[in-house]
Structure formats: structure tokens, C-alpha cells
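> Before I ask anything, here is the structure I am working with.
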Amino acid sequence: MATARSDQVRFPPGFVWGTATAAYQIEGAGPPGARGPSIWDTFAARPGRTADGDNGDVACDHYHRYPEDLQLLHALGVGAYRFSVSWARLQHAGRGPLNQRGIDFYSRIVDGLLDRGIEPWVTLYHWDLPQPVEDAGGWPARGTALRFADFAAGVHHFLADRVKRFITLNEPWCSAFLGYASGLHAPGRTEPAAAIRATHHLLLGHGLALEAMRSIAPAEIGITLNLAPTAAATGHPDDIETARRVDGLHNRLYLDPLLRGHYPADVVEDLGSITKFGFVADGDLGVIHQPIDFLGVNYYAPQTVYGTPDAPPVEPPSTHLGLTRLGFRQTERRTSMGWSVEGAGLTRVLTRLARDYPPIPLYITENGAAYEDEPAGGQVLDHDRIDYLDEHLRAAHDAIAAGVDLRGYFLWSLLDNFEWAEGYRKRFGLVFVDYATQERVPKLSAKFYRDVILANGLRSTPQLRLARPPVP
Ligand code: PNW
């Protein structure tokens, strides 16, 4: 094992190294009146929806502590930082002129990044839909796409002089399927047909935002998808058919309209008893299919599926629309989210994009892992996370070596933060946050990542691993 990992790995010159966060997960509300209600405020206030009833009222209090967090980014040596702007902070009612206090807050962050030589990458939508927009129908309603484009234009108008990279949406699959099908995320609706309408209106909103932003000022604009390489557990025809369907819903339902200009015919057919796609108007796919400057890929884990008669029944509400049986084969190693650890899955997802879709620059806009971090003597020795990162960085490099146009890597996340339905128990940060005091403690993985950035790769001897206590 040591020999397999010992090769020195160098990334191409100019490779972008960053970390990522999202507004609702780190900011906290700030002073009274500084942000309007979002679907996540409403959802977290409902009993039993988030672990321990946790919510984003305070989170990492980044709203007040951003200067310290900018210093943490500086100390890491990142060249880029991906964060999201809160729609509900910038438009309390989800429409109308942008709120000046919100503009000032994000301006301070952008200026603070630029002062430190860190390139801001702004995500326009990372799940915190203003509650009034949900009340008007949410993503299943076409009007939400128009509202989003209007919001995106407003943000672009005030940031375009300083921000050169924008991501329209983060993981529209999660917004549509976790928000409207399984109900595990806000707004917690469990209406399968609404999840497909939401998918279309998210993609339409992306396209309309792109148009609106490009009419204001040039910028590089992309979208981030959560892609999971999906394989059949065996060569059994039922497993192969199930893998096709899961891949269709999770990956191709988004990739195909964006990069090829049509919904995948097999997925449309699979979903026939749920929806006839009557909400797709003439011209929509042209709007969705406009050229983007890059594709953001969030990768955490592979999916290995089986659908033989011994597979467990799919119990509604579920994200697996139309499937009746589905099982997942897990790898032995898991993170504390229960997600399988398999770096090779990242190589597969990237090489598949390069093989099956028109050429487009790729960025990994999220990758990382939650583990049970415990501070001891003022330190957090998160060797599991270092191993996870080491493995996935090597896998990303393998994709580059295979000819994939991968240009950057954003680690999720800078800080431990509000992990949505999992609340504060799941820690993804390079920096430990003690929520009682808001003290930040860089973990050993922060040192590891700083060294990666400095070396533009991995050194031949994984020195940090040598510091690891022997396994009994
Ligand atoms: C992504 N799933 O979320 C998000 O972009 C982040 O905000 C989040 O903190 C990170 O990954 C870690 O979870 C996901 O259940 C949440 O399949 C859930 C799923 C996928 C992505």
C-alpha cells in the first residue's frame, strides 16, 4: 500500500486550489432584520426535520467573524474561495431591489479576498430559497426561474467589477429531489411530479440567469452538479437496468439538457407514469443549453446499485422515482455520513464526462469528508480526512493524466458547519469549530492541504502519515 501511494504527484501549472462554503451553512442570520426568511429557516423550525433541531440562526457566525475566516483562508494559501450569496439576505421578499446591507456584507468579503490575493468564486444559489418564493410555488413553479434570473442579474450588477467566476446553482438534483421528492431537505415536500417540474425550472433559471448576466458584463459562468458514478453491482440484467435508471435520474437528467440540449429519452420514458413533461415550453431547452464556461463537479461517493428481486423495496417518499427495488453495495471504508470511500469513483466520473459529453473545462467544486473529529490538547488529528483527501487528489490527478481538462479543486469545507438535515454533528471542515465559543482550530488536515497547495501536488513521502500513532 505504501508503495502504491508513494509516487510524487504534480498538478498542471495554474491549477486552482480552493475551499468552499455556503451562506446558510456558515453565516448565521446576523443582526435582527439582516436577512429575510428562507425555506431552511422554516424547515429547521419544524419538529424532527434536522438532527437535534439544529438550525442556521448562528451557525459559524461568519456574518460577524468573516475577518478571522479570511485570515484562515490566507493561512491555508488558497488561490480561490467558493462561497454563496444568500438570496434571502439580498432580497428579503425574494424580489425587488437588492438590500444594501446585504450588498455591503458581500462586498466586504469580496474585497477582503482580493486584498489577500484570493479569487472569489460566487455561487448564486446554494439552497436558501426566500420563503416568499416558496410560498408562491417554489421551484416547481415556472415563475421561480424568472425570479432567480432577476436576482442573479442584481448580484452580477454589483459584483461583476470584482468577481470573474460565478456558479449559478449548486446541485440542482438536491434542490429538486431532496427538497420536493424525499422531503429530507427544505422545503420538505414529497411530491414526485413536483420534483421533476422543479428540475426543469432550476435548469431554466440557470439558463435565464446566464442570459441576464451576460447582457450586463462578461464573466466566466458555470453550474455545479453533484455527480455520482453509478455502476451495477453485478452483470445481472436487473442490476444493469437499475444502474441505468439511477444514473439517468441522478446524472443524465441534468447533464444532457445542459450539455446536449435535450432530456434523456430513456429517463423521460421511465418517468412517464409520473409526468409527461408538459411544463417544458418551446425554446426552454435552447435557454438551458447555452454554452457555459465550465462545469463544476461535486463528488463525494460512488453508487453501486442492484435491483434484483432480493433488493430492498423502495419506500416512498424517495428520490428514486419510479423504481420499486433498489439496493446499494457499500465499500468497507465509510465516512461518518455513511458514504462509501472510493477515490477511483472520482476518476470515473471525470473521465466519463470527457468521454460522453462535448469538451468543457471542469472544476471539482466540492470534495471532502465528515469524520468524528475530537480536539485533544488543542489539536485535531484528523488522519482519516487526510487519507480521504490524499486518495481523492491522486484520483483527480489520474483523470488529468488520462487527458481530462480538470482545472481546479475546491475542498469542502473551510469550516465545520451546518450540515443541513444532519445539523452540526457532521464535521466537514479543515478547521474545527467549537460552537459553544466559536473558537476555530485548524485541524491537521489544514496543514496537509496547505502543503498540497504549496507543492502544487502531493509529495512523494506522505510525511504526515508518519506522525500517525501505530494501529494496535
Ligand atoms: C453537498 N445526498 O450536499 C452540498 O453542496 C453541501 O452544502 C454539503 O454540505 C456537502 O455536499 C456535504 O453533504 C449534499 O444526500 C447533501 O446525496 C446530501 C447529498 C448530496 C450532497
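> Since Thr19 meets every condition but one in (1) of a type in the set (Val, Ile, Thr); (2) open to solvent by less than 10 Å² (accessible area, probe 1.4 Å); (3) assigned to a helix (DSSP H, G or I), which condition does it not meet?
(3)
> A follow-up question, please. Do we find that Leu321 is out of contact with any Lys or Arg (no Cβ under 7 Å at 6 or more places or on another chain), over 30 Å from Glu391 (Cα atoms) and surrounded by 20 or more Cβ atoms within 10 Å (Cβ to Cβ) in this structure?
When the stated conditions are applied, Leu321 passes them.
> State all residues of the range 186-199 that are open to solvent by less than 30 Å² (accessible area, probe 1.4 Å) and either under 12 Å from Thr275 (Cβ atoms) or within 15 Å of the ligand (Cβ to nearest atom) (or both); if no residue qualifies, say none.
Scanning the range 186-199 gives Ala186, Gly188, Ala194, Ala195, Ile196, Ala198, Thr199.
> Something else now. Looking at Arg440, Arg407, Arg427, which one is open to solvent by 40 Å² or more (accessible area, probe 1.4 Å) and among the basic types (Lys, Arg)?
Answer to the check: Arg407.
> Of all the residues that make up the range 371-400, how many are part of a loop (DSSP other than H, G, I, E, B) and not small (Gly, Ala, Ser)?
Within the range 371-400, residues that are part of a loop (DSSP other than H, G, I, E, B) and not small (Gly, Ala, Ser) number 8.
> Looking only at the range 214-234, decide whether some residue is within 15 Å of the ligand (Cβ to nearest atom) and in a helix (DSSP H, G or I).
Checking the range 214-234: not a single residue is within 15 Å of the ligand (Cβ to nearest atom) and in a helix (DSSP H, G or I).
> Quick one: what pairs do we get from the range 61-83, first residue under 10 Å from Ile118 (Cα atoms) and among the hydrophobic types (A, V, I, L, M, F, W, C), second open to solvent by 10 Å² or more (accessible area, probe 1.4 Å) and part of a helix (DSSP H, G or I), C-beta under 9 Å, 6+ apart or different chains?
Pairs that qualify, where the first residue is under 10 Å from Ile118 (Cα atoms) and among the hydrophobic types (A, V, I, L, M, F, W, C) and the partner is open to solvent by 10 Å² or more (accessible area, probe 1.4 Å) and part of a helix (DSSP H, G or I), are Leu70/Asp115; Val78/Arg450; Val78/Ile453.
> Still on this structure, please answer the following. Does Asp111 fit the bill of being part of a helix (DSSP H, G or I), without any contact (Cβ under 8 Å) to a residue 24 or more places away in the chain and closer than 25 Å to Leu159 by Cα?
Answer is no for this residue.
> Something else about it: Under 6 Å between Cβ atoms, which residue pairs at least 6 apart in sequence (or on different chains) link something in the range 339-361 that is basic (Lys, Arg) with a partner that is crowded, with 16+ Cβ neighbours inside 10 Å and in a loop (DSSP other than H, G, I, E, B)?
Arg348/Pro229
> Further question on the same structure: Among the residues of the range 343-370 satisfying the criterion of being part of a helix (DSSP H, G or I) and within 16 Å of the ligand (Cβ to nearest atom), which is surrounded by the most Cβ atoms within 10 Å (Cβ to Cβ)?
My answer is Leu346.
> In this structure, does Asp238 turn out to be under 16 Å from Phe177 (Cβ atoms), away from the ligand (no atom under 16 Å from the Cβ) and not basic (Lys, Arg)?
no
> Hey, could you check the range 152-173 for residues that are open to solvent by 10 Å² or more (accessible area, probe 1.4 Å) and assigned to a helix (DSSP H, G or I) and say which is nearest to the ligand (Cβ to nearest atom)?
Within the range 152-173, the match that is nearest to the ligand (Cβ to nearest atom) is Trp173.
> Enumerate the pairs (first residue in the range 401-429 and without any contact (Cβ under 8 Å) to a residue 40 or more places away in the chain and in a strand (DSSP E or B); second residue anywhere and of a type outside the set (D, E, K, R) and within 12 Å of the ligand (Cβ to nearest atom)) with beta-carbon separation below 9 Å, excluding pairs fewer than 6 apart on the same chain, so at least 6 apart or on different chains.
Sorted first by the residue in the range 401-429, then by its partner, the list stays empty.
The values are calculated or read from the model by the stated rules, or taken from the named source; none is laboratory data. Fair warning: this is a prediction, and the values are worked out from it, not measured in the lab. Heads up, the Cβs are rebuilt from the backbone with ideal geometry, glycines too, and the neighbour counts pull from every protein chain shown. Protein only, heavy atoms only, side chains kept; ligands, DNA and RNA dropped before computing areas. Shrake-Rupley method; radii C 1.70, N 1.55, O 1.52, S 1.80 Å.
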